[in-house]
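Colleague: Sharing a structure below in structure tokens format, with a few things to ask.
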Amino acid sequence: MKPIRVVVVGGGFAAVQFAKPLRSKLTSAECEILLFSRENHMVFHPLLADVAGASINADAAAAPLRQMLPGVGCRTERVERIDLASSEIEFDDGSGALARLHYDHVVIACGAESNLGIIPGMSDHAFAFKVMRDAIDLRQHVVRQMEQAEASSDPDRRRWHLNFIVVGAGFSGVEVAGEINELVRSSTRFYRNFRKDDVVVTLVHSQDQILPEVAPKLREFAKKRMQKAGITMLLNTRAGAATHEGIELNDAPMLHGATIVCTIRTAISPLVQHLDVPKARGRIRTAPEMRIEGQTNAWAIGDCAHIVNAFDSKPSPPTGQFAERQGRQAAQNLIRVLYGGTTQPFSFKALGQLCSIGGYQAVAEMLGVHISGFLAWFLWRGVYLFKLPTWSRRIKVALDWAWDVVFPRDLSFLNTNTAEDVTHAYYRPGDFIHQQGELARTFSIIEDGEVEILQTTETNQEAKIVAVLGKGDFFGEAALLGNRPHETSVRARTVVHLVQIGSALFSQLAGSFAPLRDLLAKAVTRRSGDFWRRLPLAKSLLAGETLASLLDPLPPEPLSAETTLADALGALNQSGTGELLILDEKQRLWGTLDRDDIYDIIARIAVTPTDKRGDVGQRKLSDLLLRNPVCVSLDDSPLVASATMIDHGIAWLPVVQSKDDPRPVGCVRGEKIGNRIMQKIGHSEADHARAAN
Ligand SMILES: Cc1cc2nc3c(=O)[nH]c(=O)nc-3n(C[C@H](O)[C@H](O)[C@H](O)COP(=O)(O)OP(=O)(O)OC[C@H]3O[C@@H](n4cnc5c(N)ncnc54)[C@H](O)[C@@H]3O)c2cc1C
């Protein structure tokens with residue numbers, strides 16, 4: 001008889017503890033087990049903090065699945081979709097095509113994902129702490145901060161490099177804060193430019209106590225010990241946003257620091273999100289035996305599943321301990337189903353909690369007994385050592401730990417070349433993206449928001465705004481191409497999202513991609529400070545003018561983002577100037593429309609496949625135009641308005657009330673500014689002639 005096929009999706013605690021006993025109980029002739037996992041190894045999460053803190057090597061906390069699971073078909077492939085109706089999985093077979101595979105039983109054990117998206121800027125500026133790559137990157141980053149602090153001659157910048165912020169004081173937050181603190185403080189003796197007292201590790205937590213899962217006495221112990229070790233606790237404090245500079249807190253001043261680790265909340269895996277089954281808070285609801293509610297051959301275990309524990313009738317917590325037990329018991333239940341036995345509800349009495357807090361200290365609750373301090377730390381290490389999946393790993397980790405007790409932690413770091421990176425960045429209004437005189441490290445493209453370009457000159461030390469850039473614009477090219485410090489500062493005018501390209505990658509692109517090279521060459525010429533230097537008279541004549549004195553009235557009949565292209569074309573033809581504003585429901589500037597935009601829209605439609613164009617006339621402006629057009633505000637000078645128009649190659653600009661109040665008050669036109677300059681030249685020549693007579 002053909003063996004039944006069991007497909008396991010996942011390669012973590014639950015999946016491994018399911019596949020292992022199933023393989024040992026059923027022969028290959030009875031059952032084929034195929035385990036699909038995105039990685040070819042299982043990550044032992046409780047040791048991630050030790051990897052980040054350089055007390056063990058990464059490979060010690062990751063065990064290769066195929067070596068752990070002999071007799072199981074391990075496939076390093078990502079499952080994209082599970083079709084419960086046809087009992088098939090769809091997966092990426094590595095060639096870019098989607099392959100399908102039939103199963104007799106499927107076990108979903110794909111865990112949860114890290115979730116940085118809930119706080120603005122976190123995904124751009126914070127480290128998640130879930131997968132091995134997070135721990136390795138964090139370790140490299142922490143060591144790099146020490147190197148940069150050593151090199152820095154600016155005390156503020158040095159302090160910034162030595163400020164480490166961990167958001168969330170659950171198990172992983174506490175463990176990683178303890179490890180970073182230990183790594184940095186124990187390493188200060190190798191650096192000359194800073195001391196232990198210069199290091200600040202801050203744990204930010206929204207509740208009034210850290211480690212809410214453990215007993216109050218142990219919590220209090222952990223808090224006091226960590227504070228004694230130098231960790232600052234900010235309790236009852238929520239992170240509002242993360243930026244390049246640090247984190248913005250609700251009800252407290254901004255916390256500055258070059259390192260942010262975010263350990264709060266997890267997100268549901270996309271695979272589970274797309275599954276049409278009963279769910280509780282996003283997790284798959286199962287019957288007590290762990291089969292998915294309403295399914296006969298689909299099971300869910302581990303962090304992705306909502307499984308009520310028959311021991312206390314509570315939903316199982318998302319911990320490794322529970323995931324392992326669920327895996328083992330689901331394997332037994334599947335065997336019972338295959339051989340006509342009665343399945344058992346999941347029931348497990350938790351053994352206890354263990355949490356390392358750094359500095360050879362831990363807190364532990366084992367079978368109701370509370371232990372803290374060095375003994376708990378020893379127990380913590382012992383328990384995890386024996387929980388590691390293979391003997392080779394246990395020996396490796398034991399040797400690493402023994403080494404760590406005797407010798408200093410390893411401060412070498414690889415992969416430091418951020419010049420090759422493409423990253424995202426988030427800035428709040430008023431934040432500087434770079435300062436005049438700083439070395440250029442990145443080329444930035446504005447994904448959303450507006451920035452202002454500021455410049456001081458030898459004669460005028462007060463920074464003046466010289467231009468405004470908006471969505472789709474870029475900056476940083478002149479300094480990178482000229483290999484010189486920035487000649488201007490760039491400051492966020494609104495909330496700004498940037499894509500930043502490291503200097504080496506930018507050089508490669510600019511050198512080899514001809515259209516980009518041409519675009520950059522034009523931008524450099526256009527933006528060079530020579531523009532006003534070549535026109536000193538025009539500059540001095542405009543210097544005394546206000547934007548209000550050059551304002552044209554608003555174009556009639558504003559449109560909304562919901563207006564169709566056909567209606568917008570009609571309105572544009574009716575307007576005398578050929579320019580229209582698009583406002584949102586609060587009468588704030590949403591966008592602009594003129595003939596150039598129409599040509600752009602037509603060009604884009606022309607290159608869209610015919611079957612995807614739809615009814616072009618009925619398409620809404622919100623689908624066709626960019627939101628937040630570049631604009632200036634009444635308090636900007638005509639010089640800024642002129643430079644902004646020149647930079648964008650446009651002849652008019654909307655003017656809004658102020659940076660904080662984007663309601664339009666009028667428009668400014670290049671032609672009118674030109675006329676005003678000519679008028680003033682005429683007047684000054686007449687004055688000269690009168691004076692000469
Ligand atoms: C830093 C940290 C420290 C922790 N410390 C502890 C602790 O001390 N004690 C404790 O009990 N618990 C701890 N936990 C929680 C514990 O790690 C989780 O509860 C446990 O890992 C859940 O196991 P799982 O098998 O459900 O998911 P995971 O272990 O997360 O495994 C999920 C697997 O599914 C794979 N996968 C996901 N999507 C797909 C897909 N579409 N296709 C193929 N494969 C996919 C992933 O690659 C991964 O291999 C910690 C967690 C973290 C992040």
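Colleague: Would you grab the residues whose amide H sits under 5 Å from the one on Val656? Only those 5+ places off in sequence or on another chain, please, with H modelled 1.01 Å from N.
Modeller: Val632, Ser633, Leu634, Val665
Colleague: Could you state the principal axis extents of the C-alpha atoms in the chain, from the largest down, to the nearest angstrom?
Modeller: That works out to 112, 66, 47 Å along the principal axes.
Colleague: Now, a different point. Two decimals is fine: what is log10 I(q)/I(0) at q = 0.20, 0.25, 0.33 Å⁻¹ for the range 43-88, from a Debye sum with one equal scatterer on every Cα and no solvent?
Modeller: -0.79, -0.89, -1.08
Colleague: Now for a different question. Sequence gap at least 6, Cα distance under 8 Å: using those rules, report the relative contact order of the chain to the nearest whole percent.
Modeller: 10 percent
Colleague: From the helices alone, meaning DSSP H stretches of at least four residues, give me the mean residue ellipticity at 222 nm for the chain, per-run term -39500 (n - 2.57), in deg cm²/dmol to the nearest 500.
Modeller: -10500 deg cm²/dmol
Colleague: By how many nm would the segment from Met678 to Thr459 grow when fully extended, if each residue of separation counts as 0.36 nm and the alpha-carbon distance is taken off?
Modeller: Gain on stretching Met678 to Thr459: 76.2 nm.
Colleague: When Rg is the radius of gyration of the Cα atoms in the range 375-491 and Rh is its Kirkwood radius, what does Rg/Rh come to? Don't skip to the end; give the middle numbers.
Modeller: Numbers: Rg = 24.6 Å, Rh = 18.8 Å.
Taking Rh as the inverse mean 1/r over Cα pairs, Rg/Rh reads 1.30.
Colleague: Averaged over every viewing direction, what's the projected area of the C-alpha convex hull for the range 299-344? Give it in nm², one decimal, please. Intermediate results must be reported in sequence, preceding the final value.
Modeller: Numbers: hull surface 12.5 nm².
Answer in nm², one decimal: 3.1.
Colleague: A further question follows. When the gyration tensor of the range 576-627 is built from Cα positions, what are the square roots of 5 times its three eigenvalues, in whole Å, from largest to smallest?
Modeller: 23, 14, 8
Colleague: Right, another one. Can you give me the Cα centroid spacing of the range 619-692 and the range 1-39 in angstrom?
Modeller: Taking the Cα centre of the range 1-39 as reference, the centre of the range 619-692 is 69 Å away.
Colleague: Using protein chains only and a probe of 1.4 angstrom, how many square angstrom of Trp160 are accessible, to the nearest 10?
Modeller: 30 Å²
Colleague: May I ask which of Lys196/Lys223; Lys20/Lys279; Lys349/Lys387; Lys279/Lys314; Lys130/Lys196; Lys228/Lys387 have a Cα-Cα span longer than 22 Å here?
Modeller: Distance filter (> 22 Å) returns Lys20/Lys279; Lys130/Lys196; Lys228/Lys387.
Colleague: Based on the inverse mean of 1/r over its pairs of different Cα atoms, what is the Kirkwood hydrodynamic radius of the range 527-626, in Å? Could the numbers behind the result be given before it?
Modeller: Numbers: mean 1/r = 0.0618 Å⁻¹.
Computed over the range 527-626, the radius equals 16.2 Å.
Colleague: How much of the accessible area of the chain, probe 1.4 Å, is carbon plus sulfur, in whole percent? Let's see the in-between values first.
Modeller: Values: 17550 of 33160 Å².
For the chain, the apolar C and S fraction of the accessible surface comes to 53 percent.
Colleague: Can you tell me, using C-alpha contacts under 8 Å and at least 6 residues apart, the relative contact order of the range 120-201 as a whole percent?
Modeller: 28 percent
Colleague: Below 8 Å between Cα atoms, with a sequence gap of 6+, how large is the relative contact order for the range 180-318 in percent? Intermediate values should be presented prior to the final figure.
Modeller: On the way: 162 pairs, mean separation 17.1, N = 139.
Averaging sequence separation for qualifying contacts and normalising by length gives 12 percent for the range 180-318.
Colleague: Also, I was wondering about something else. Based on the Cβ-Cβ distance of His424 and Arg663, what FRET efficiency does E = 1/(1 + (r/R0)^6) give at R0 = 25 Å, to the nearest 0.05? Before the final figure, lay out the partial values.
Modeller: Working: r = 30 Å, r/R0 = 1.19.
Step by step, r from the Cβ atoms, then E = 0.25.
Colleague: Rg to Rh ratio, the range 1-58, alpha-carbon atoms and Kirkwood radius?
Modeller: In the range 1-58, Rg relative to Rh is 1.16.
Colleague: Give the share of C-alpha pairs in each 5 angstrom bin for the range 556-693, from 0 to the last occupied bin, in whole percents, shortest bins first.
Modeller: 2, 9, 16, 18, 16, 12, 9, 6, 4, 3, 2, 1, 1, 0, 0, 0
Colleague: Can you list residues from other chains, or at least 5 along the same chain, whose modelled amide H is less than 5 Å from the amide H of Arg81?
Modeller: Distant-sequence amide H within range of Arg81: Glu90.
Colleague: For the range 1-152, just run the numbers: alpha carbon Rg, then divide by 2.2 N^0.38 Å, N being how many residues it has.
Modeller: With N residues counted in the range 1-152, Rg over 2.2 N^0.38 Å equals 1.28.
Colleague: Please compute P(r) over all alpha-carbon pairs of the range 159-229, binned at 5 Å starting from zero, and give each bin as a whole-number percent.
Modeller: Distribution as computed: 3, 16, 27, 23, 14, 9, 5, 2, 0 percent.
Colleague: With a 1.4 Å probe and all protein chains left in place, how much accessible area per residue does the chain have, in Å²? Intermediate values should be presented prior to the final figure.
Modeller: Values: 33160 Å² over 693 residues.
Accessible surface, normalised per residue, equals 48 Å².
Colleague: Moving on to the next point. If R₀ is 51 angstrom, what is the calculated FRET efficiency for the pair Ser512 and Asp687, using the beta carbon separation as r and rounding to 0.05?
Modeller: In this case the efficiency is close to 0.40.
Colleague: Based on the Cα coordinates of the range 73-130, what is the per residue volume of their convex hull in Å³? Intermediate results must be reported in sequence, preceding the final value.
Modeller: On the way: hull volume 8.3 nm³, N = 58.
Convex hull of Cα atoms, per residue: 144 Å³.
Colleague: Would you kindly calculate the mean projected area, averaged across all directions, of the convex hull enclosing the Cα atoms of the range 100-237, in square nanometres?
Modeller: 12.2 nm²
Colleague: Another question about this same structure. Mind checking the log10 I(q)/I(0) for the range 470-517 at q = 0.19 Å⁻¹? Debye, one equal scatterer per Cα, no solvent, two decimals.
Modeller: Computed log10 I(q)/I(0) values: -0.73.
Colleague: Once every Cα of the range 477-572 carries one equal point scatterer and solvent is ignored, give the base-10 log of I(q)/I(0) from the Debye formula at q = 0.17, 0.24, 0.25 Å⁻¹, two decimals.
Modeller: The Cα Debye sum returns log10 ratios of -1.02, -1.22, -1.28.
Colleague: Follow-up question, since we're still on this one. Each label point is 7 Å from the Cα along the Cα-to-Cβ direction; what then is the distance between the points at Lys387 and Met366, in nm?
Modeller: About 1.2 nm separates the two model spin labels.
Colleague: Moving on to the next point. Can you tell me the length gained on complete extension of the stretch Ile646 to Lys349, counting 0.36 nm per residue apart and subtracting the Cα distance? Can you show the working numbers first?
Modeller: Working: separation 297, 0.36 × 297 = 106.92 nm, distance 7.08 nm.
Full-extension gain reported as 99.8 nm.
Colleague: Please work out whether the range 200-282 counts as rounded, prolate or oblate from its C-alpha gyration tensor, where a ≥ b ≥ c are the square roots of the eigenvalues and a/c under 1.5 means rounded, while otherwise a/b larger than b/c means prolate and anything else oblate?
Modeller: oblate
Colleague: Here's a follow-up. Pulled fully out, how much extra length does the chain show between Thr296 and Asp197, if you take 0.36 nm times their separation in residues and subtract their Cα-Cα distance? The partial results should precede the final answer.
Modeller: Details: separation 99, 0.36 × 99 = 35.64 nm, distance 6.08 nm.
Full extension of this stretch gives 29.6 nm more.
Colleague: A further question on this structure: So for the pair Ala548, Thr525, with labels modelled 7 Å out along Cα→Cβ, what separation do we get in nm?
Modeller: 3.9 nm
Colleague: Taking 1 over the mean of 1/r across every pair of different Cα atoms in the range 334-407, what Kirkwood radius in Å do you get?
Modeller: 14.8 Å
Colleague: Also: When only alpha-carbon atoms are used, what values of Rg and Dmax, in angstrom, describe the range 104-163?
Modeller: Calculated on Cα positions, Rg and Dmax stand at 17.4, 65 Å.
The values are calculated or read from the model by the stated rules, or taken from the named source; none is laboratory data. Everything quoted here is computed from the prediction, not taken from an experiment. With ideal geometry, Cβ positions are generated from the backbone for all residues, glycine too; neighbour counts draw on all protein chains shown. SASA here: full protein model, heavy atoms, side chains in, ligands and nucleic acids out. Shrake-Rupley method; radii C 1.70, N 1.55, O 1.52, S 1.80 Å.
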